[in-house]
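Peer 1: Take a look at this one; I'll ask things after.
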Amino acid sequence: MTAQKICILGGSGFVGSHLAARLVEQGRQVTIATRRREQAKHLLPLPSVEVVETNIHDPQALKTLFAGHDAVINLVGILHGNRKTFEQVHAELPRKVVSACHAAGVTRLLHMSALGADVNSPSLYQRTKADGEAVVRAAEKTHQLHTTIFRPSVIFGPGDSFLNLFAQLLRLAPVVPLASGNTRFQPVYVGDVVRAFAQSVDDPATYGQTYSLCGPQVYSLADLVRLTAQTLGLKRAVIPLGQPASYLFAALMELKPGRKLMTRDNYYAALKDNVCPEGFPALFGNPTPLEAVIGYLKDANPRCNYRRFRQLARR
Ligand SMILES: NC(=O)c1ccc[n+]([C@@H]2O[C@H](COP(=O)([O-])OP(=O)(O)OC[C@H]3O[C@@H](n4cnc5c(N)ncnc54)[C@H](OP(=O)(O)O)[C@@H]3O)[C@@H](O)[C@H]2O)c1
């Protein structure tokens, strides 16, 4: 059965915006739930997208939101928080999503987790992501939901907040001391991630499956930052810090008000490499090399997505 009407939680964010565009290209109707309509205004030019301002943590509101949809995609996640907020967003919300799908008669759920999600991790982010996965997996039996879970390594592409953040820092500083600089990542392109989601929605072969999503190549964090500098034509010294200095750096950054560069929880998550030896799942095609698309960093204008959506909307 083709899922014609799809509701995305977290659809206003980086991955969600790319996914909404892809689903619209496929001719589907997409509902984006957001806490503040303003956050999703760049999606309004997309045809067949409806933005709904609602409180997704309220079970009744969630049930009302899901009514009439064929599938739900949960992309909501946070990188910084405390125990309460991580649990609320990564574990309690999936529980509410599963119940609301059941109550609203939705039978298909795609869930975004993260590579490294592990109940034994020292990182709250990774532990609560693992709790969320367990909730979704159990729903396959208890709520007769067809579920698919995705676990990407770090995601790059226009509008990302990973390489774009380093690009901003590199423009400011001639020397970049880098916490967790020796940790290895296998970055995956956002276009490949959303292709995997969009392809899975209607594919019964993906029911009950968990997919790790990684790009074709492994890099240390320091190499990724150097590649970013090279792409921007900047000569910069990137100096990976040892573990004690990385911890101290993260603890100091945590004190900074506003947008966080790093927290101790990020440091704990980066104690292990974030790679998948099995590579990108063949079912979803070939992954895009970072070097093939990294030029987007030169166009570090957050409105670059907006232009694409306007083209899609033919406005
Ligand atoms: N980006 C990566 O490199 C990466 C890597 C691995 C896994 N992931 C996972 O992929 C998902 C999407 O990542 P992203 O980079 O697209 O994130 P993002 O740009 O930060 O977007 C997150 C979305 O979640 C919603 N959200 C955040 N906190 C919320 C809260 N407390 N209550 C309700 N909604 C909330 C926001 O919606 P509103 O503000 O509109 O309400 C926003 O649209 C996340 O689950 C993340 O953990 C990302």
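Peer 1: I56: surrounded by 15 or more Cβ atoms within 10 Å (Cβ to Cβ) and in contact with a Cys (Cβ under 8 Å, 6 or more places away or on another chain), yes or no?
Peer 2: So I56 does not fit the description; no.
Peer 1: Scan (1) over 25 Å from Q199 (Cβ atoms); (2) touching a strand residue (DSSP E or B) at 6+ places or on another chain (Cβ under 7 Å) for the single condition L79 breaks and write down its number.
Peer 2: Going through (1) over 25 Å from Q199 (Cβ atoms); (2) touching a strand residue (DSSP E or B) at 6+ places or on another chain (Cβ under 7 Å) one by one, L79 breaks only (2).
Peer 1: So in segment 87-129, with the set limited to residues that are among the hydrophobic types (A, V, I, L, M, F, W, C) and in contact with a Ser or Thr (Cβ under 7 Å, 6 or more places away or on another chain), which one is farthest from V15 (Cα to Cα)?
Peer 2: Applying the filter and picking the extreme gives A91.
Peer 1: Here's another thing I want to ask about it. Only one residue in V15, V30 is of a type in the set (A, V, I, L, M, F, W, C) and outside any strand (DSSP E or B), so which one is that?
Peer 2: V15
Peer 1: Which condition does A138 not pass, out of (1) at pLDDT 95 or above; (2) part of a helix (DSSP H, G or I); (3) within 18 Å of the chain's Cα centre (by Cα), if it passes all the others?
Peer 2: (3)
Peer 1: OK, next. Considering only segment 249-280, how many residues are surrounded by 15 or more Cβ atoms within 10 Å (Cβ to Cβ) and either of a type in the set (D, E) or in a helix (DSSP H, G or I) (or both)?
Peer 2: Going through segment 249-280 one residue at a time, the tally reaches 11.
Peer 1: In this structure, is P177 assigned to a loop (DSSP other than H, G, I, E, B) and either surrounded by fewer than 23 Cβ atoms within 10 Å (Cβ to Cβ) or modelled with pLDDT under 95 (or both)?
Peer 2: So P177 fails the test.
Peer 1: Just checking, does segment 200-210 include any residue being over 28 Å from R95 (Cα atoms) and among the polar types (S, T, N, Q)?
Peer 2: Taking every residue of segment 200-210 in turn, none turns out to be over 28 Å from R95 (Cα atoms) and among the polar types (S, T, N, Q).
Peer 1: Here's another thing I want to ask about it. For segment 165-210, how many residues meet the condition of being more than 15 Å from the ligand (Cβ to nearest atom) and touching a His at 6+ places or on another chain (Cβ under 6 Å)?
Peer 2: Total satisfying the criteria: 1.
Peer 1: Evaluate the following for V15: is it aliphatic (A, V, I, L, M), within 16 Å of the ligand (Cβ to nearest atom) and either within 23 Å of V98 (Cβ to Cβ) or crowded, with 18+ Cβ neighbours inside 10 Å (or both)?
Peer 2: Answer is yes for this residue.
Peer 1: In segment 12-42, which residues are in contact (Cβ under 8 Å) with a residue 60 or more places away in the chain, within 18 Å of P158 (Cβ to Cβ) and not acidic (D, E)?
Peer 2: G13, F14, V15, S17, H18, L19, A21, R22, L23, V24, H42
Peer 1: Right, something else. Of the numbered conditions (1) without any contact (Cβ under 8 Å) to a residue 40 or more places away in the chain; (2) over 28 Å from P240 (Cβ atoms), E133 satisfies every one except a single condition; which is it?
Peer 2: Answer for E133: the failing condition is (1).
Peer 1: Which condition number does F150 fail, the rest of (1) within 15 Å of the chain's Cα centre (by Cα); (2) assigned to a strand (DSSP E or B); (3) away from the ligand (no atom under 12 Å from the Cβ) being met?
Peer 2: (3)
Peer 1: In segment 20-37, how many are near the ligand (Cβ under 9 Å from one of its atoms) and either in contact with a Gly (Cβ under 6 Å, 6 or more places away or on another chain) or not basic (K, R) (or both)?
Peer 2: 3
Peer 1: What are the residues in segment 125-145 that are more than 16 Å from the ligand (Cβ to nearest atom) and surrounded by fewer than 21 Cβ atoms within 10 Å (Cβ to Cβ), if any?
Peer 2: Those that are more than 16 Å from the ligand (Cβ to nearest atom) and surrounded by fewer than 21 Cβ atoms within 10 Å (Cβ to Cβ): R137, A138, E140, K141, T142, H143, Q144.
Peer 1: Test of understanding: among A167, A229, A245, A196, which residue is in contact (Cβ under 8 Å) with a residue 40 or more places away in the chain, part of a helix (DSSP H, G or I) and touching a Phe, Trp or Tyr at 6+ places or on another chain (Cβ under 6 Å)?
Peer 2: Selected residue: A196, the only one of A167, A229, A245, A196 that is in contact (Cβ under 8 Å) with a residue 40 or more places away in the chain, part of a helix (DSSP H, G or I) and touching a Phe, Trp or Tyr at 6+ places or on another chain (Cβ under 6 Å).
Peer 1: For the structure I just gave you, tell me whether P204 is surrounded by fewer than 16 Cβ atoms within 10 Å (Cβ to Cβ) and farther than 29 Å from N286 by Cβ.
Peer 2: no
The values are calculated or read from the model by the stated rules, or taken from the named source; none is laboratory data. What you are looking at is a predicted structure, and each value in this text was computed from that prediction instead of being measured. Glycine gets a Cβ as well: all are built from the backbone with ideal geometry, and neighbour counts include every protein chain shown.
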